[in-house]
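Asker: What follows is a structure written as structure tokens; I'll ask about it next.
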Amino acid sequence: MDLWWNNNIKATKFVKEFTAGEDIELDQQLVKYDVIGSIAHATMLNKIGILSTEELAKLKKGLKEILKLDKEGRFQINVFDEDVHLKIEDHLTRKLNGIGKKIHTGRSRNDQVLVVVRLFSKEKLLNIQENVLELCSALVEFGEKNRDTPMPGYTHFRKAMPSSVGLWALSFVESLLDDLISIKSAYSLNNQNPLGSAAGYGVPINIDRELTTKLLGFERIQNNVLYVQNSRGKIESAILSALAQVMLNLSKLSNDLIIYSSDEFGFFDIPEFLCTGSSIMPKKRNPDVLELVRARANTVISYLSQTMSIIKDLPSGYNRDLQETKGPLIKSFNILNRCLDMTGAVIKNLKVNESRLANAFNSQMFAVDEALNMVGEGVPFRDAYKNVELNFLHPPKDLQNPKQAIKARTYTGTTGNLGLHNLQKQIIKEKNILLAEKEKFKGSVDRLLR
């Protein structure tokens, strides 16, 4: 059954194949969210008198059956369905005839797409937050275990000053917690109800947007119906920007691990079960998983650029160009979640070679310590600097111990004062906030599906 196309099947198939693009595959991941949005919309139509209570009950039953079919892999979208929204409406119309034809009342496919993507993004952003916090916990555990393990600190990728494995690991924790702020900001921006915009100009029936906002668990209504349409791609860009920041962190972490686990450095060992081999070289062990994390950061960044490029020159109102913003968003969520899982697995199984780390220290790395030791005896810093520059060959014995050197740095944020307890408290706090938000979202969905 074709709900609104003409009967020229040959032309229709040619056009539909082009316009559907990759939505057929992408929308398979969105069935649940369209069912949820459709139940909320139908409930609202019942309240304003468009649907009877009996019709609402039949529609809800039909929608929940679709959910069951989807879980069983028996609700497959094809080119003639075009997308998940028309597939669901067609299914309901075939099953319920006139009742199924009523569900699209007051709703355009435009705001239908928006609400589905918002619900999908809401759940995925909660999952991303959870995975980011899990990686933070793994890094904190690793950093705490190795907080007093000396490690050369680098500038210009040359040995510079004494550092520690703990300082290195916890630097990524603080960076990821900063990224969490961006993710939560994107979550808040996404947490607006677009349903009721129709095609961007409203409809002449009394849509109850307050009710659908409450039913779907959105924080607020996205007020201006034209801005609802204009925000498509904009909010996706904000989400992608937050995801890209996390990927930048994972890329830097991966790059460090690739270098520091190489034979030339040997600071860390990546276990064999997380490495790959060579098709020609026996006994070869490669950090492919980390190289792919590093590469996929570029993919997510390119998706952000792609989305912003699509929306930057569009006139107000809906334009079909916006369909092309869905793929980058869905793919980026999938990439980031998998990369977070893989990076976490590497950190949890990473081995530290303390002897290689200690042997990597050289005398020049203690030059600053010696200069400041002289400052403590009353020598002006620039005189001490010059003296060390001209005369420093080997550090005094009391400066030759890397562990002693890193413990001597005791002010906030340094190797001897990492702030572990504060980081642990912050992670626990964020996990509790996240748990409450997940329960809130789950509660909204469960109530709709009763």
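Asker: Label Asn391 and Val368 with points 7 Å out from Cα along Cα→Cβ: what is the distance between them in nm?
Answerer: Roughly 2.2 nm, to one decimal.
Asker: Right, here's the next one. What is the sum of charges, Lys and Arg at +1 and Asp and Glu at -1, for the other residues whose Cβ falls under 14 Å from the Cβ of Lys214?
Answerer: Value of the local net charge: +2.
Asker: Sequence neighbours fewer than 8 away in the same chain don't count; with that in mind, list the aspartates and glutamates whose C-alpha is under 16 Å from Lys47.
Answerer: The reachable aspartates and glutamates, counting only those whose Cα sits under 16 Å from Lys47, are Glu55, Asp208, Glu210.
Asker: Please list 3J(HN,Hα) in residue order for the stretch 437-450, calculated via the Karplus relation 6.51 cos²θ - 1.76 cosθ + 1.60 where θ = phi - 60°; whole Hz, with x for glycine and proline.
Answerer: 3J(HN,Hα) across the stretch 437-450, in whole Hz: 5, 5, 5, 5, 5, 4, x, 5, 5, 4, 5, 5, 8, 5.
Asker: OK, next. I'd like the distance separating the alpha-carbon centroids of the stretch 127-148 and the stretch 20-40, in whole Å.
Answerer: Rounded to whole Å, the Cα centres lie 34 Å apart.
Asker: Give a residue-ordered list of calculated ³J(HN,Hα) values for the stretch 74-87 (Karplus: 6.51 cos²θ - 1.76 cosθ + 1.60, θ = phi - 60°; whole Hz; x for Gly, Pro).
Answerer: 10, 10, 9, 8, 10, 4, 6, 6, 6, 7, 5, 5, 6, 4
Asker: Between Phe265 and Lys64, how high is the FRET efficiency from 1/(1 + (r/R0)^6) when r is the Cβ-Cβ distance and R₀ = 60 Å? Nearest 0.05.
Answerer: 0.60
Asker: Also, quick follow-up: Among residues other than Asp148 whose Cβ falls under 9 Å from its Cβ, what is the net charge (Lys/Arg +1, Asp/Glu -1)?
Answerer: +3
Asker: Which of the chymotrypsin sites (Phe, Trp or Tyr not before Pro) across the stretch 164-220 are loop residues per DSSP, with 13 or fewer other Cβ within 10 Å?
Answerer: Here the sparse-neighbourhood loop sites are Tyr201.
Asker: Could you tell me, in Å, what Rg and Dmax come out for the Cα atoms of the stretch 9-105?
Answerer: 14.0, 42
Asker: Over the stretch 153-291, what number does the Rg to Rh ratio reach, with both radii from the alpha-carbon atoms and Rh per Kirkwood?
Answerer: Dividing the radius of gyration by the Kirkwood radius yields 1.23.
Asker: Any idea how far apart Asn432 and Thr12 come out in nm if each label point goes 7 Å out from Cα toward Cβ?
Answerer: 5.8
Asker: With a ≥ b ≥ c the root eigenvalues of the C-alpha gyration tensor of the stretch 299-401, is it rounded (a/c under 1.5), prolate (a/b larger than b/c) or oblate?
Answerer: Here the stretch 299-401 falls in the oblate category.
Asker: Can I ask one more? Give me the distance in nm between label points sitting 7 Å out from Cα along the Cα-to-Cβ direction at Arg382 and Gln28, one decimal.
Answerer: The modelled label-to-label distance comes out at 7.0 nm.
Asker: Helix 381-391 versus the longest principal axis of the chain: what is the Cα-based angle in degrees, 0 to 90, to the nearest 10?
Answerer: Helix 381-391 sits at roughly 60 degrees to that axis.
Asker: Oh, and also: Any idea how far the Cα center of the stretch 222-250 sits from the one of the stretch 318-375, in Å?
Answerer: With the stretch 222-250 and the stretch 318-375 each reduced to a Cα centre, they are spaced 25 Å.
Asker: Among the trypsin sites (Lys or Arg not before Pro) within the stretch 55-121, which fall in a DSSP loop and have no more than 11 other Cβ atoms within 10 Å of their own Cβ?
Answerer: In loop regions of the stretch 55-121 (DSSP not H, G, I, E or B), the sparsely surrounded trypsin sites (Lys or Arg not before Pro) are Arg74.
Asker: Which residues' amide hydrogens lie under 5 Å from the amide hydrogen of Ser164, considering only partners 5 or more residues apart or on another chain, with H built in the peptide plane?
Answerer: The list, which skips near neighbours in sequence, is Met151.
Asker: In addition: Per residue and in Å³, how big is the convex hull formed by the alpha-carbon atoms of the chain?
Answerer: For the chain, the hull spanned by Cα atoms encloses 195 Å³ per residue.
Asker: On to the next question. What is the Rg over Rh value, at two decimals, for the stretch 226-339, using alpha-carbon atoms and the Kirkwood definition of Rh?
Answerer: 1.17
Asker: Top mean-square fluctuation among Asn319, Asn230, Asn249, Gaussian network model of the chain, C-alpha springs under 10 Å?
Answerer: Maximum among the listed residues: Asn319.
Asker: Using a Gaussian network model on the chain with a 10 Å cutoff between Cα atoms, which of Ile205, Ile428, Ile88 fluctuates the most?
Answerer: Ile205
Asker: Which loop-located GluC sites (Glu not before Pro) does the stretch 22-118 contain, where loop means any DSSP state but H, G, I, E or B and the Cβ has at most 10 other Cβ atoms within 10 Å?
Answerer: Sparse-neighbourhood loop GluC sites (Glu not before Pro): Glu72.
Asker: With a sphere of radius 14 Å drawn around the Cβ of Lys58, what net charge do the other residues whose Cβ falls strictly inside it have (Lys, Arg +1; Asp, Glu -1)?
Answerer: That works out to +4.
Asker: Set the bar at 28 Å for Cα to Cα. Now go through Lys101/Lys440; Lys68/Lys234; Lys95/Lys331; Lys331/Lys438 and name every pair that lies beyond it.
Answerer: Lys101/Lys440; Lys68/Lys234; Lys95/Lys331
Just so you know, all these numbers are worked out from the coordinates, no wet-lab data involved. Remember, it's a predicted structure, so these values are computed and weren't measured experimentally. Cβ atoms come from the backbone with ideal geometry, glycine included; neighbour counts cover every protein chain shown.
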